[in-house]
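Asks: Quick one: the structure is below, and I'll ask about it shortly.
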Amino acid sequence: MLAESRGLSMEAEQLYRAMLDGRPITPGAELAELERFGLVRAGTSGVEVCPPRAALSAFAAQHEAAAVRAREAAEVLGAAYSLRTGRDADFVEVLRSRDEVIATFEAMQTQAAIDIVALDPGSYMSPKPEVSTVQPGSMARGIGYRVVYDSSVLQDDDGFAQVQSSIALGEQARVFPGLPLKLVIADSNRALIAVPNSDAGDVLALLIHPSMLLSALIELFGSFWRMAVPVRAGGPDDAEVTQEPTAATRRLLALLSGGLTDEAIARELGISERTVLRRISRLQQLLGAQTRFQLGAQASRQGWL
């Protein structure tokens, strides 16, 4: 509720509404809370309600000022941390333990206000996919999830099942072979990069704050998202897919991959351009591809080329 986000409890809000309606009230903690917020005052005929906007606006202004002071303190303390430890704390934090990485990943999801986007080549910490217990709750409150998975993740039974579970919750999932890193971005203002290289010593991940590096990571995700192929709920096991690829489909895909125009393909196959377009559209729908490039990638991943 809006009032709760300003610090006023639901019970106190209900009491205020009751007083506006002229209903009888009894003194208690809720009345004291209203007095503390300046929403009621003692009058000649008893307790009177006060205009709420001025009182709650003043309360909000106090908390906004506190938030500004907290951000300023973070800058000052961050600079002090850099001087004391010799580490650059301006936009990169080093995470050195598994618990710290998991806690940061969960916090990014619970604190997100808009969306979570990720590149997921599989877990660096265990042979099985990591299951986020926070994701369902975040999605339930409206946080969007867009994830590009490495094709190897879907080839593993556990990985495929986890991806399908996430899609069932509302996640938008795509697949692309050979993802270069494990990346999570929250609200375009924080990014978490897993570090798989043993040469990095005890460094397990980097938390990136607003910077040119974060902007580059956002662009990197966008590039892979545009190239990746959508993953459909249920996967490629329906009856129509299992009947493919026919010889005609393989021939059409081979001509497409060769860069021929629709007119040239139609002439080669002895059919009309309209039929070529209809067959391509059907294959795109069948494999969950939005573009012809994605169709080629998905067909290749399925072994149709």
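The values are calculated or read from the model by the stated rules, or taken from the named source; none is laboratory data. Keep in mind the model is a prediction, meaning the values are calculated, not measured. Every residue, glycine as well, gets a Cβ built from its backbone with ideal geometry; the counts of neighbours run over all protein chains shown. The protein model used for the area step is the full one, side chains on, heavy atoms only, and it has no ligands, DNA or RNA in it. Shrake-Rupley method; radii C 1.70, N 1.55, O 1.52, S 1.80 Å.
Asks: For the stretch 248-260, name all the residues that are open to solvent by 70 Å² or more (accessible area, probe 1.4 Å) and modelled with pLDDT under 85.
Replies: Of everything in the stretch 248-260, just one residue is open to solvent by 70 Å² or more (accessible area, probe 1.4 Å) and modelled with pLDDT under 85, namely SER257.
Asks: Right, something else. For the stretch 13-111, which fully contained strands (runs of 3 or more DSSP E) count at least 1 residues that are in contact with a Phe, Trp or Tyr (Cβ under 7 Å, 6 or more places away or on another chain), at pLDDT below 80 and under 30 Å from ALA140 (Cα atoms)?
Replies: Strands (runs of 3 or more DSSP E) meeting the threshold: none at all.
Asks: With the structure loaded, tell me whether ARG146 is surrounded by fewer than 19 Cβ atoms within 10 Å (Cβ to Cβ), more than 28 Å from GLN290 (Cβ to Cβ) and of a type outside the set (Asp, Glu) or whether it fails that test.
Replies: Criteria not met by ARG146.
Asks: Shifting gears a bit: I'd like to verify a number: residues in the stretch 149-172 that are buried (at least 17 other Cβ atoms within 10 Å of the Cβ), under 25 Å from ALA103 (Cβ atoms) and aliphatic (A, V, I, L, M), how many?
Replies: The qualifying residues number 2.
Asks: Same structure, new question: List every residue pair whose Cβ atoms lie under 8 Å apart, where the two residues are 6 or more positions apart in sequence or sit on different chains, the first residue falls within the stretch 132-150 and is touching a residue at least 60 places away in the same chain (Cβ under 8 Å) and assigned to a strand (DSSP E or B), and the second residue, located anywhere, is open to solvent by less than 50 Å² (accessible area, probe 1.4 Å) and aromatic (Phe, Trp, Tyr).
Replies: Close Cβ pairs (under 8 Å, with a partner that is open to solvent by less than 50 Å² (accessible area, probe 1.4 Å) and aromatic (Phe, Trp, Tyr)) amount to ARG146/TRP225; VAL148/PHE176; VAL148/PHE221; VAL148/PHE224; VAL148/TRP225; TYR149/PHE176.
Rundown of residues vs (1) modelled with pLDDT under 80; (2) crowded, with 18+ Cβ neighbours inside 10 Å; (3) assigned to a helix (DSSP H, G or I), yes/no style:
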position	(1), (2), (3)
GLU268	no, no, yes
LEU277	no, no, yes
ILE280	no, yes, yes
LEU283	no, yes, yes
LEU286	yes, yes, yes
GLN290	yes, no, no
LEU295	no, yes, yes
GLN298	yes, yes, yes
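Asks: Looking at the stretch 221-244, is at least one residue modelled with pLDDT of 85 or more, open to solvent by 40 Å² or more (accessible area, probe 1.4 Å), among the polar types (S, T, N, Q) and part of a loop (DSSP other than H, G, I, E, B)?
Replies: No, the stretch 221-244 has no match at all.
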